[in-house]
Amino acid sequence: MDSAQSLPQFVKVSSPIGKNYRIINPPIVKKWNTASQDHFMQSLQRLQNLQSGKPVDRVLNFDIFMMRAAHHIGAPLSKYYLDYRVLCEANLAVLKEFDLDIVQAISDPYREAVDTGLEVEFPTDNLPLSKKPLIVEPNDLGNVRFPVQNFGARMTDRLEGIRAMREQVGDEVPVMGWVEGALAEAADLRGMTNIMRDLAKRPAWLKELLEKCVEVEIAFACAQIDAGAHMIGLGDAVASLISPHMYREFALPYEQRIFEAIKAKGGIPRLHICGNTTHLLKDMAQSGAQIVDIDSMVDMRQAAEALDGIIICGNLNPVSIFLQGSPDQVREGVFTNAAVGYARWISAGGCEIPDQTPAENLHAQSQALRDLANQLPSDIPIPDGGGD
């Protein structure tokens, strides 16, 4: 797709399974240059030191950017979602502007679902819309072809984005790919209401669907590592809505399988479950994730205790602190988080940085992390990173 072309008001995407392809257009970005950054360590080295228990010069910044990144470069959201070159350019721009420690291929939850056959509408500058489940009735499952070997346009576009990002940053900055958890993917294909009913009324059938989904996610995660990703994030937001018992039966085993595959390929697994996961923390510690994201409604001290030995990432409130707060509130939030678990903590919003978040608040976060480093001894003991 030519990024210079304008998209219609609604771009309907419903990709059948097809053979892999490569977009041959070169990225529209220039080589990212770390000479403009005031880092003592490169970001990837900083992460590797944190994992291995070696000192770091400052806390990493892993804010999740999507809508805010697209609009930072003046791009409509549809192009950010559908054109890897725009995704890459936007990530490099916010990396430099806000002193981040990561570039990320996360965009929307529908890449795997679209390539499985789900119809999704992409308004020019708004969130994508899925109006009808792909699997309306349980018997529909037999008619669905899951893209385990041959990815469609949207999954391939993410692979191209990862290749482009890795070409720009090399081994200086972590490149993060992304997959859906099996339960989250099932919800995308089946619809949230149907999935909640399936948990109670047809658990055996649901596990058949989850088995199909996990095979796709494992294949997609491994392909992203092959494309150049250092890390794979896994989003399983629906898990925050279910009980610990259901999590252990319908989400955790599939997260574990995906993370095992990621680690076997040499990647870093990161777990991201939006919402209040307080009731799941101890089980999330068994997922195999080496980095676990903590949303803003979870108490960081409680998370640090439950996830002892695992790197935790978060958990500044994206709305009340970043979007609606002041630079002083951002700074206070950073220092409050640091007081809980500096030695095994990565700074980030509890979830995505909202669109229209003031730049001065994002700059306040990066400045607070630099100031925090200057106030702490350089030989802070850092415990061994989580995971195997």
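Within region 351-360, the only residue that satisfies the criterion of being without any contact (Cβ under 8 Å) to a residue 60 or more places away in the chain and either surrounded by 17 or more Cβ atoms within 10 Å (Cβ to Cβ) or charged (D, E, K, R) (or both) is GLU360. Taking region 302-346 as the search range and keeping residues that are out of contact with any Gly (no Cβ under 8 Å at 6 or more places or on another chain), charged (D, E, K, R) and in contact (Cβ under 8 Å) with a residue 24 or more places away in the chain, which one is nearest to ASP101 (Cα to Cα)? Only one residue tops the list, namely ARG331.
Tell me, which helices (runs of 4 or more DSSP H) lie completely within region 235-288 with 2 or more residues that are of a type outside the set (D, E, K, R) and more than 23 Å from MET176 (Cα to Cα)?
Values: elements: 244-250, 252-264, 281-284.
Of the helices (runs of 4 or more DSSP H) lying wholly inside region 235-288, those with at least 2 residues that are of a type outside the set (D, E, K, R) and more than 23 Å from MET176 (Cα to Cα) span 244-250.
Quick one: is GLN302 out of contact with any Ser or Thr (no Cβ under 6 Å at 6 or more places or on another chain) and surrounded by 20 or more Cβ atoms within 10 Å (Cβ to Cβ)? The answer is no for GLN302. Restricting the search to helices (runs of 4 or more DSSP H) fully inside region 75-165 and requiring at least 3 residues that are among the aliphatic types (A, V, I, L, M) and surrounded by 17 or more Cβ atoms within 10 Å (Cβ to Cβ) gives 84-97. Taking the criterion of being of a type outside the set (A, V, I, L, M, F, W, C), in a helix (DSSP H, G or I) and over 16 Å from the mean Cα position of the chain (by Cα), the residues of region 289-321 that qualify are ARG301, GLN302, GLU305, SER320.
Restricting attention to region 42-68, the residues that are part of a loop (DSSP other than H, G, I, E, B) and either touching a helix residue (DSSP H, G or I) at 6+ places or on another chain (Cβ under 7 Å) or at pLDDT 95 or above (or both) add up to 12.
The values are calculated or read from the model by the stated rules, or taken from the named source; none is laboratory data. What you see is a predicted model, and the numbers here were worked out from it, not measured in a lab. Quick reminder, even Gly has a Cβ in these numbers, built from the backbone with ideal geometry, and neighbours come from all protein chains shown.
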